Amino acid sequence: GTPPQLTAAAGADVNYLNADEVSLTLNWTNPDYTFTTGVSSMDVSYNIEIDTVGSNFTNPAKKVITVNKDLTYSFKASDLNDIMLNQLSLDVASSHTLEIRVVSSLTNNSAQLISNSVQYTATPYIIPPKVEPFTYDLFITGSATDGGWMVGGGVGVPANQEFTEIDSLHRSEER
């Protein structure tokens with residue numbers, strides 16, 4: 001056969017706002033394994049290998065994704081982020097260049113052919129914590145109120161002890 005030819009198409013930037021968007025699509029050619037009896041009818045398996053540039057795919061932490069029969073694979077931003085953070089242990093908020101290649105083999109892992117490599121640069125991110133929207137719910141509590149000193153952040157505070165916003169500068173206790 002002939003080594004697969006790998007191409008890459010960049011999509012959405014890798015960041016938490018684009019987590020579900022496709023950031024990278026890989027396409028490669030069929031290696032067309034041929035035996036003396038003709039073109040192979042055996043299924044071809046492809047290993048997508050992802051490593052940092054300069055490691056020459058020897059890093060024990062490199063990511064390997066197995067694809068059977070297909071000649072394409074897409075990564076969402078969250079997928080690439082996960083590989084960079086959790087597989088390759090790359091620093092957050094620093095740009096890193098990944099090197100990617102495809103290794104094809106027949107079903108029995110024989111006759112491996114290695115594609116050209118492509119590079120992809122991205123910056124891993126940490127997902128910001130979800131913050132509940134701030135509300136202006138305000139209650140009065142204390143010994144001078146019917147509810148007394150409420151424990152637990154106002155749980156069980158009678159409705160007549162809740163302040164009502166009149167406008168952004170003035171507030172009044174509702175009675």
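The values are calculated or read from the model by the stated rules, or taken from the named source; none is laboratory data. A quick note: this is a predicted structure, and the numbers were derived from the prediction, not measured. Note: ideal-geometry Cβ built from the backbone for every residue, glycine included; neighbour counts use all protein chains shown. For the accessible areas, the whole protein counts, side chains as well, though only heavy atoms, and no ligand, DNA or RNA atoms are used. Shrake-Rupley method; radii C 1.70, N 1.55, O 1.52, S 1.80 Å.
Miscellaneous remarks
- The condition of being within 25 Å of Ile127 (Cβ to Cβ) and either open to solvent by 30 Å² or more (accessible area, probe 1.4 Å) or over 20 Å from the mean Cα position of the chain (by Cα) (or both) holds for only one of Ala19, Ala10, that being Ala10.
- The conditions of being at pLDDT 95 or above, buried (at least 17 other Cβ atoms within 10 Å of the Cβ), aliphatic (A, V, I, L, M) and not in a loop (DSSP other than H, G, I, E, B) are met by Ile48.
- Close Cβ contacts (under 6 Å, 6 or more residues apart or on different chains) running from residues in segment 55-66 that are farther than 15 Å from Asp79 by Cβ and in contact (Cβ under 8 Å) with a residue 12 or more places away in the chain to residues that are aliphatic (A, V, I, L, M) and surrounded by 11 or more Cβ atoms within 10 Å (Cβ to Cβ) comprise Ala61/Leu88.
- Residues located in segment 99-131, provided they are modelled with pLDDT of 70 or more, farther than 30 Å from Thr2 by Cα and either open to solvent by 30 Å² or more (accessible area, probe 1.4 Å) or part of a strand (DSSP E or B) (or both): Ala122, Thr123, Ile126, Ile127, Pro128, Pro129, Lys130
- Test: residue in segment 77-92 that is free of Cβ contacts under 8 Å to residues at least 24 places away in the same chain and small (Gly, Ala, Ser): no
- Test for Asp79: is it part of a helix (DSSP H, G or I), under 29 Å from Gly1 (Cβ atoms) and open to solvent by 30 Å² or more (accessible area, probe 1.4 Å): yes
Let's see how each residue does on (1) at pLDDT 95 or above; (2) under 22 Å from Thr7 (Cβ atoms); (3) open to solvent by 70 Å² or more (accessible area, probe 1.4 Å):
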site	(1), (2), (3)
Leu24	yes, yes, no
Phe35	no, no, yes
Asp43	no, no, yes
Lys69	no, yes, yes
Phe75	yes, yes, no
